[in-house]
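Working notes, beginning with the structure itself.
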Amino acid sequence: MEVLAKLQPSVVTEIPYTFGSRKFGESKVSGKIVVQYLTQLWRLSKASCLMSDRFLKFAAVGSTGVIVNLVAMTLLLHLTHWRDWQVSAAASLFANLHNYVLNNIWSFADRTHRGLRILRGYLSYLGMSAVGLGVTTATYAGLTWSLTQLSILQNGKQGFASLTQLLCQFIAVALGVYFNYELNKVITWPEIVRSNVRSPKQPSGSALH
């Protein structure tokens, strides 16, 4: 499949083959193999040029982080006496830690932080997340201000205005996630550069026996 996708030959001939019943052992197909196959399909598709599978993993982790945030906030409301910004901040920090752990072992599995690098990596991730949040907030403020200046939000009906605001928030969140991903990819999980180590040259005049 990979050969066909990358070489794109002008003529392809399929030779049918029928698998027989297994007589010995057990099948090695698992959920992990299926996920790897689907990931490979995405990498070979033209759509992967616009959005990498690593970004999709990063976005999926962020989506689960929203659920973790809400669950953590619910538990804190029942188990503590916090009712103001403290409960929101604690739930957000817990969700942020959850996102870092998942991204470290899944989205950036080839650049996983280990040992003491985990703490430094999390602090970096926390800082980049703050930048992404700032981008989201600034984008939403800019979009809604522009629409207000055009009298779109003021003159429209209440339902239309609410829908427009939700659309602005969606665009702002998408842009914030993209900035968050790009910053973390470069700063928190930078690409591992492998230096080419050449073998030492033999001294002139030496002979091999």
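Bear in mind these aren't lab numbers, they're just calculated from the coordinates by the rules spelled out. Predicted model only: the values in this text are computed from it and were never measured. Methodologically, a virtual Cβ is constructed for each residue, glycine included, from the backbone with ideal geometry; neighbour enumeration extends over all protein chains shown.
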- [ ] Take the Cβ-Cβ distance between Ala89 and Thr39 as r, set R0 to 45 Å, and report the resulting FRET efficiency rounded to the nearest 0.05.
- [x] 0.80
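Can you give me the convex hull volume of the Cα atoms of segment 53-112, divided per residue and expressed in Å³? Spell out each step's value before the answer.
Values: hull volume 4.0 nm³, N = 60.
Residue-normalised Cα hull volume stands at 67 Å³.
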Open item on the list: How tilted is helix 117-149 with respect to the longest principal axis of the chain? Cα atoms for both, answer in degrees (0 to 90, nearest 10).
Closed with: 50
TODO: Evaluate E = 1/(1 + (r/R0)^6) for Ile15 and Ala109, where r is the Cβ-Cβ distance and R0 equals 45 Å; express this FRET efficiency to the nearest 0.05.
DONE: 0.80
- [ ] Rank Gly20, Gly65, Gly121 by mean-square fluctuation in a GNM of the chain with C-alpha springs under 10 angstrom and give only the top-ranked residue.
- [x] Gly20
Open item on the list: Once R0 is set to 30 Å, what does the formula 1/(1 + (r/R0)^6) return for the Cβ-Cβ distance between Leu97 and Gln169, expressed as a FRET efficiency to the nearest 0.05?
Closed with: 0.80
Open item on the list: For a quick size check, give me the Cα extents of segment 1-53 along its three principal axes, largest first, whole Å.
Closed with: 44, 30, 10
Open item on the list: Using a 7 Å offset from the Cα along the Cα-to-Cβ direction at both Gln149 and Val131, what is the distance between the two label points in nm, to one decimal?
Closed with: 2.7
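State the extension gain, in nm to one decimal, for the chain segment bounded by Phe24 and Ile187, taking 0.36 nm per residue of separation less the distance between their alpha-carbons. Before the final figure, lay out each step's value.
Working: separation 163, 0.36 × 163 = 58.68 nm, distance 4.95 nm.
Extra length from Phe24 to Ile187 when fully extended: 53.7 nm.
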TODO: Scan [x] 27.0; [y] 13.2; [z] 10.7 for the value of mean projected area of the Cα convex hull in nm² calculated from this model and give just the label.
DONE: [x]
Task: Residue with peak Gaussian network fluctuation, the chain [Cα springs, cutoff 10 Å], from Phe108, Phe24, Phe94 - done: Phe24
Open item on the list: At 7 Å along Cα-to-Cβ for each site, give me the label-to-label distance between Ile118 and Thr80 in nm.
Closed with: 2.2
